[in-house]
Amino acid sequence: MTELLMRESRFISDQQFQQIRDWLYQRSGIHLNATKKSLVTGRLYKRLTELDLADFDAYLQLLRDPQQSKEAEMALNLLTTNETYFFREPKHFEFLQSLITRGELQKRVRVWSAAASTGEEAFSIALALAGQFGLQDPWQVTGTDINTRVLARARAAVYPLQDSQKIDQALLKAFCVKGVGKDNGWFRIRPEIRQHVQFQQHNLMLPLQTTQKFDVIFLRNVLIYFELEDKKRIVLNMLDVLKPGGYLLVGHSESIHGYDPRLVQQRPACYRYQP
Ligand SMILES: C[S@@+](CC[C@H](N)C(=O)[O-])C[C@H]1O[C@@H](n2cnc3c(N)ncnc32)[C@H](O)[C@@H]1O
C-alpha cells in the first residue's frame, strides 16, 4: 500500500466507529465508550492490513457476512480486554478460605469463574481448593469467557514463570511444574489440577446452561464493560445458577449494590444470595 492509502485506511470515521460499537454490542453486550476510538483503530487496523482491505467499511462488510464467522470471532477476540493475574484481589481468596474453614464449602463445592480470561482466576480458585481439599475430592471449577483466544491459552495452562510470584510457595510447589530446557522461563499447572477445571465459551448476556448450580461465582472486573441495564441482566443470569446461600463476588471497583434485594452484601465486593 502507498503511504497515502495507508493513512486513509487507518482513518476511522465517527460513523464507522459507531457501526463497530453497534456490532460489538450486539455480539457481546460490551459498551465501548466514545473515548475508545483510537484503541479500536489500533486493535483492528492490523487485521485490515493482513487482509489487504482498503478501509474500515470493507472490514465492517466482512464482519456482517454470515459466511465469515471466523473473522467475527477474531474481531471479538481483538476487542475484549483480558487483563488478569493469579490471586488478583487477594481478599476474595481469603474469603474463600474462610468459607472452607467454617465448613460452609464442602468437598463437592462448585465454583464458576465467569469472565475467566486466560485462566489465572480459575486456577487460583482451583489451587486454593486443592490446598484445602486435596485432589481426590470432587470439587470443580468452571471457567468461561466469550473470547476463544484466551480460552485456548487457559486450556494450555502454561504461564510465564514471573506470573507465579503471587502464588503461595506451598501451592506452587505442590501443584505446578517449572519448565526446563526449551520451556525454561515458563511453568505449567499440573494435570491433576486441570482435571478439576473445565473451560467453555459463554456470553454473559445469555443464561448459562448447566445441570448443577454453583456455590460461589466470581464475576470480577467485567461488569465495567457494560451499561447499567445489561449489568443487571448479567447479575440476574448469575442468580439463575447460584445456589441459595451461595456467594457472588465482583471486582472491588465494581458495585452491584441495589441490583436485586435477594443479594445481601457481606463485605466489599462480596454478596450472598438469600432468596
Ligand atoms: C479484564 S478480564 C477479567 C478477568 C478476571 N475475571 C479477573 O478479574 O482478573 C475481562 C474478561 O471478560 C471477558 N468478557 C467480556 N465480555 C464478555 C461477555 N459478554 N461474556 C463473557 N465474557 C466476556 C473478556 O473477554 C475478558 O477476558
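Every read-out reported here was derived from the displayed coordinates using simple, explicitly stated rules and does not represent laboratory data. Predicted model, so just to flag it, every value in this text is computed and none were measured. Glycine gets a Cβ as well: all are built from the backbone with ideal geometry, and neighbour counts include every protein chain shown.
Computed values, structure above
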| item | result |
| --- | --- |
| Under 21 Å from K213, Cα to Cα: lysines that are on another chain or at least 8 residues apart | K107, K231, K232, K243 |
| Magnitude of the charge dipole, the range 206-256, Cβ model with Lys/Arg +1 and Asp/Glu -1, debye to 20 | 140 debye |
| Inverse mean reciprocal Cα-Cα distance (Kirkwood Rh) of the chain, Å | 20.3 Å |
| Debye, to nearest 20: dipole size of the chain, +1 on Lys, Arg Cβ, -1 on Asp, Glu Cβ | 840 debye |
| I167 long-range amide H proximity, modeled H, under 5 Å | none |
